[in-house]
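What follows is a set of notes on a single structure, which appears directly below.
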Amino acid sequence: MARAADTMKMGLYARISTHDQQTLALQRDAMLAYARQRGGSIVTTVEDVGSGAGERRQREELMRAARRRDIDAIVVWRLDRWGRSLADLVATLQELHELGVGFISLNEALDLTTSTGRAMAGMLAVFAEFERGILRERVKAGIAEARRRGQRHGRSPTVAHRADEVRQLHAEGFSKSAIARQLGISRTSVRRFLG
């Protein structure tokens with residue numbers, strides 16, 4: 001990480017959902033004020049617009065800048081603007097730590113350029129592992145319950161499992177769409193199978 005005497009090179013990251021256009025200026029202003037207060041040099045400002053926990057392409061651009069060591073720290077307005085999930089947040093924070101790039105979240109007063117901030121990141125890692133464990137248990141319980149009720153789970157049946165039936169229905173003059181509907185498999189799979 002940058003020494004105190006150096007000017008910290010910062011990458012600013014703002015993210016808004018397509019339904020939440022109002023906070024972009026708020027995020028940008030808060031991060032610019034922080035950079036000025038800290039005496040940092042803003043190397044890049046990245047803004048993502050999207051909804052849900054989907055891919056954040058601009059964020060990846062900022063991560064590439066961190067990997068090239070073009071920046072010393074990433075500044076965000078809030079943690080939920082950066083991470084798609086707790087596990088994703090912890091993974092990216094871990095990578096930034098290994099790269100020697102700081103991470104600052106203004107609303108949570110989380111500054112991974114400090115020892116207190118790094119301790120907080122360790123606690124986040126514990127919570128992420130806890131979250132993964134809960135998800136694993138829920139999946140196992142769901143599969144066990146489905147089995148108990150005699151329901152299928154996993155991938156949908158493929159044409160390969162129903163090849164004889166597909167050939168028979170085709171020979172009887174059924175259309176590919178009708179075969180797919182009757183057997184509960186995709187029309188594309190039937191079309192590919194029959195050539």
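The values are calculated or read from the model by the stated rules, or taken from the named source; none is laboratory data. The shown structure was predicted, so the numbers you read here are calculated from the model rather than taken from an experiment. No Cβ is skipped: glycine too gets one built from the backbone with ideal geometry, and neighbour counts run over all protein chains shown.
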| query | Which condition number in (1) out of contact with any Gly (no Cβ under 9 Å at 6 or more places or on another chain); (2) without any contact (Cβ under 8 Å) to a residue 40 or more places away in the chain; (3) surrounded by 12 or more Cβ atoms within 10 Å (Cβ to Cβ) is the one that residue 143 fails? | reply | (1)
| field | Options 64, 57, 36; residue that is exposed (fewer than 13 other Cβ atoms within 10 Å of the Cβ), basic (Lys, Arg), assigned by TED's automatic domain parsing to the domain that holds residue 104 and modelled with pLDDT under 85 | value | 57
| task | Of the numbered conditions (1) touching a strand residue (DSSP E or B) at 6+ places or on another chain (Cβ under 8 Å); (2) at pLDDT below 90; (3) loosely packed, with under 15 Cβ neighbours inside 10 Å, residue 70 fails exactly one; give the number of that condition. | result | (2)
| message | Against the definition (aliphatic (A, V, I, L, M), at positive phi and either surrounded by 13 or more Cβ atoms within 10 Å (Cβ to Cβ) or at pLDDT below 90 (or both)), how does residue 125 come out, yes or no? | response | no
| query | If residue 75 passes every condition in (1) touching a Gly at 6+ places or on another chain (Cβ under 8 Å); (2) in a helix (DSSP H, G or I) but one, which one does it miss? | reply | (2)
| Between a first residue in the stretch 174-189 that is under 16 Å from residue 163 (Cβ atoms) and a second residue that is acidic (Asp, Glu), which pairs have beta carbons less than 9 Å apart while being 6 or more apart in sequence or on different chains? | 179/165; 182/165; 183/165
| field | Candidate set: the stretch 136-183, residues that are of a type in the set (A, V, I, L, M) and farther than 29 Å from residue 195 by Cα; chosen: the one nearest to the chain's Cα centre (by Cα) | value | 139
| said: Quick check on the stretch 98-105. Is at least one of its residues surrounded by fewer than 11 Cβ atoms within 10 Å (Cβ to Cβ) and in a helix (DSSP H, G or I)? | reply: yes
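Determine, yes or no, whether residue 118 is part of a helix (DSSP H, G or I) and either among the polar types (S, T, N, Q) or in contact (Cβ under 8 Å) with a residue 40 or more places away in the chain (or both). Before the answer, list the steps.
On the way: part of a helix (DSSP H, G or I): yes; either among the polar types (S, T, N, Q) or in contact (Cβ under 8 Å) with a residue 40 or more places away in the chain (or both): no.
The answer is no for residue 118.
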| query | Given the conditions (1) surrounded by 15 or more Cβ atoms within 10 Å (Cβ to Cβ); (2) modelled with pLDDT of 85 or more; (3) hydroxyl-bearing (Ser, Thr, Tyr); (4) under 14 Å from residue 8 (Cα atoms), and given that residue 41 satisfies all but one, which numbered condition is not satisfied? | reply | (1)
